[in-house]
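The next block holds one structure in the form of structure tokens; read it before the comments.
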Amino acid sequence: MYKDYRDPLYGFITVNEVEQQIIDTCYFQRLRNINQLGTTFLVYPSAVHTRFEHSLGTLYIIDKLLDSLLLRQKEILGWGMDDIEHYKSMARLAALLHDIGHAPFSHAAEELFPNGMDHEDYTYAIITSTEIGQIIDKYLGEGKSTTVAEIAVGRAKDKNAIFLSELLTGDFGADRIDYLIRDSYHLGVEYGRFDVHRLLNTLLVRKNEENDGVELVLEEGGIHTVEGFLLARYFMFLDVYYHKTRRILDCHLGEFLKKVLDEGTYPLDVEKFIYWDDHKVWSLLAENKGSEQVSRLLDRKHFRMAFETNDHPDYVELERFDWLKDLVKNKFGEERIRFDEAAKAPYSYERPPIFVLIQDKYVPLKDCSSLVRSLKKIEKCRVYAEPGIRDDVKLFCNNFWKERQSRRGDG
Amino acid sequence: MEKRLIRLGAIAYTVYAGKQKGITVGHTLLQKLFYFLQHGRDIDLGYRYRLHHFGPYCKELWADLNYLEDVNALSVKGSPSGFGYNIFPEAKIETLLELVNDEIKEEISELLNFLSHRPVRELECLATTHYVCKEIQEFKEDPENSKNNVINGVLALKPHLTEKEVLNSMEILRKKCLI
């Protein structure tokens, strides 16, 4: 028995009976109440899509990606018909479940997981230790839930699982492909779009004789599509994922949650953790309405950006920003200031190390594309201040920065 | 100083010291050197390693390489074989060297001597063996009697390696006090 989910991007997404059983569990249904982009809807009003549809979309994309590779290069993977069915099932389940451990509002407040853990640790725990694991083991064989979990969180160990994990979590993986087009669709931003079908059809695999592994490479004809993909990701990072207001709202949300959570962290027990979703946080915000912390979020009394570096500060500027942080904290007081650095953001932008097949030779992508060469890693750093002191902080930071710049001789 | 800046300095120093020693630093060598620096020599650089085709691999290290290339401290070029990347010092590399202290420089220099002459396959075997030793609890408690578990663990992950290669790796790592 199969079930179709209607999807605005792909038409219909078909799941099988086992996948449907997993979707029907409380762990997966919870994803309906986890906003995909955290507090971004307070900046882009239509950013209200959830991890539920992204998880289904990721399953759809990995299925298409595998179909495309198997159609053209089955012999490189060395899989028989039974292997194909087995690995496809594992890949689809890993894609479906890859975000199941997300906390309320997705990446906002990730630092509140206990013991240095992150949402991937919770994803792993939910897949392996709940009824989801039992369903997978019954369907794919004893212990396979562990392999699915490892693929889902990028910790796969054997060569086929590592390959599937790359198809899911890698630079051109199903996760990235779906969230880019889904986010841009829901936000209404045109620059997040790219030719997804062409991308799926121009990715290839090659065998690495040295380690017996397989890795993704690109057909020459796919260079322009990949440029479109990387450009989309670049702009989405700058304008959406690292948007100045969204980042400070995430920060305020984290501060609020830290205060209301027992011991300031999410529960270690996944059975308790799953009660934490956006609805629960909204109800807590409503209960605390009127408090300073809630006003920052709901009444737009959030801290304002007082200073930011350019998109690509060099290491001297990074060091200078470190210095500036200490000075600003000392002058204005730690409580009235917040800092944010792109390097610590949940999404990051860098050039993928993929090779392109050109006339029987493998060439790094950046050597084939001046556009890829020119897209630099984003490292922007920011200072935020309480609304009342924003102008003073701005002046202080700008003066410090200009003075240091002129001493360096590049002012 | 922030870990991030120390990391950038440490990468720059590795490529710089490699050049001084007449070594071309490849991406795999760099990945494994930093793996051992962090997990063998306990210098916390904040990198998160996961198993990949050539053993433990860290995506953030690749991102840091991108950054250092952007600021003209080094260049990352495809290796002539068409597999993997080699890294070369560029004009601004020397200005980054002060971001890393002498203790770390010494460890890097020693690890370069230890790793740089080894082929990719051996680097993969050494790092994966170390990774498995760390994962297996009983190895920490009783290294002598848990050898077989380590061998089985490595071969399950990397079937193309041989038992002899894994045993040899364990011996090398033990002599070097990395396990």
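The values are calculated or read from the model by the stated rules, or taken from the named source; none is laboratory data. Fair warning: this is a prediction, and the values are worked out from it, not measured in the lab. Because the Cβ atoms are built from the backbone with ideal geometry, glycine has one as well, and the counts that use them run over all protein chains shown. Only protein heavy atoms, including side chains, enter the accessible area calculation; ligands, DNA and RNA are left aside. Shrake-Rupley method; radii C 1.70, N 1.55, O 1.52, S 1.80 Å.
A few comments on the model shown:
- Prolate/oblate/rounded label for the protein assembly as shown (Cα gyration tensor, a/c 1.5): rounded
- Charges were assigned to the Cβ only: +1 to each Lys and Arg, -1 to each Asp and Glu. The resulting dipole of the protein assembly as shown about its Cα centre is roughly 1260 debye.
- You can think of it this way: the chain between A:LYS207 and A:ILE358 has 52.7 nm of extra reach, that is 0.36 nm per residue less the Cα-Cα gap.
- Ranked order, B:ASP70, A:ASP24 - accessible area, probe 1.4 Å, largest first: A:ASP24, B:ASP70
- Across chain A, Cα pairs under 8 Å and at least six residues apart give a relative contact order of 15 percent.
- Between B:ALA17, B:ALA127, B:ALA91, the Gaussian network model of chain B with springs among Cα atoms under 10 angstrom shows the greatest mean-square fluctuation at B:ALA91.
- Span from the the range A:258-307 Cα centroid across to the the range B:27-59 one, whole angstrom: 36
- Dipole of the protein assembly as shown, positive end: most advanced residue of A:VAL328, B:PHE88, A:TYR27 [Cβ charges, Cα centre]: A:VAL328
- Helix A:51-77 and the long axis of chain A differ in direction by around 50°, with both axes built from C-alpha atoms.
- Rounded accessible area per residue of the range A:14-82, 1.4 Å, Å²: 35
- Working value for chain B: equivalent-ellipsoid semi-axes of 29, 17, 14 Å, each the square root of 5 times a Cα gyration tensor eigenvalue, largest first.
- At least 50 Å² accessible surface lost relative to isolated chain, residues of the range A:152-172 (1.4 Å probe): A:LYS157, A:ILE162
- Helix axis angle, B:163-175 relative to chain B longest principal axis, alpha carbon, degrees: 60
- Label zone (B:ARG41, point 7 Å along Cα-to-C-beta; backbone nitrogen cut-off 17 Å) within the range B:119-163: B:127.
- More than 16 angstrom apart: percent of Cα pairs within the range A:149-202: 48
- Protein-only accessible surface at a 1.4 angstrom probe places the residues A:TYR242, A:TYR139 in the order A:TYR139, A:TYR242, largest first.
- C-alpha long axis of helix A:174-187 to longest principal axis of chain A, angle in °: 50
- Solvent-accessible area lost in complex, 50 Å² minimum, residues of the range A:199-239 relative to chain alone, 1.4 Å: A:GLU210, A:ASN211
- Tensor-based shape of the range B:80-129 (alpha-carbon gyration tensor, a/c under 1.5 rounded, otherwise prolate or oblate): oblate
- Whether the range A:66-196 is rounded, prolate or oblate, judged on the alpha carbon gyration tensor where a/c under 1.5 counts as rounded: oblate
- Reported value for the range A:241-331: 157 Å³ per residue, from the convex hull of its C-alpha atoms.
- Ordering A:VAL196, B:LEU68, B:GLY18 by the projection of their Cα atoms onto the charge dipole of the protein assembly as shown, which places +1 on the Cβ of Lys and Arg and -1 on the Cβ of Asp and Glu, puts B:LEU68 at the extreme positive end.
- Total charge dipole magnitude, the range B:1-106, about the Cα centre, Cβ charges on Lys, Arg, Asp, Glu only, Debye to nearest 20: 400
- Using the alpha-carbon positions of the range A:158-299, Rg (one decimal) and Dmax (whole number) come out as 20.7, 64 Å.
- Largest to smallest accessible area among A:MET236, A:MET117 [probe 1.4 Å]: A:MET117, A:MET236
- Spatially, the range A:371-411 and the range A:310-348 are offset by 9 Å when compared through their Cα centroids.
- In chain A, helical runs assigned H by DSSP with n ≥ 4 each contribute -39500 (n - 2.57); averaged across all residues and rounded to the nearest 500, the mean residue ellipticity at 222 nm is -16000 deg cm²/dmol.
- Once C-alpha pairs closer than 8 Å and six or more residues apart are averaged by separation and normalised to the residue number of the range A:109-256, the relative contact order reads 18 percent.
- Accessible area (Å², per residue) of chain B, counting only protein heavy atoms and a probe of 1.4 Å: 43
- Over 19 Å (Cα to Cα) - which of A:LYS380/A:LYS402; A:LYS361/B:LYS77; A:LYS64/B:LYS59; A:LYS331/A:LYS380; A:LYS64/A:LYS88; A:LYS159/B:LYS158 fall in this group: A:LYS64/B:LYS59; A:LYS331/A:LYS380
- When +1 charges are put on Lys and Arg Cβ atoms and -1 charges on Asp and Glu Cβ atoms, the dipole computed for the range A:289-411 relative to its Cα centre reaches about 220 debye.
- Between B:PHE83, B:PHE114, B:PHE34, the residue with the greatest mean-square fluctuation in the GNM of chain B (Cα pairs under 10 Å linked by springs) is B:PHE83.
- Taking the charge dipole of the protein assembly as shown about its Cα centre, with +1 at Lys and Arg Cβ atoms and -1 at Asp and Glu Cβ atoms, the residue from A:PHE172, B:PHE36, A:ILE135 reaching farthest to the positive side is A:PHE172.
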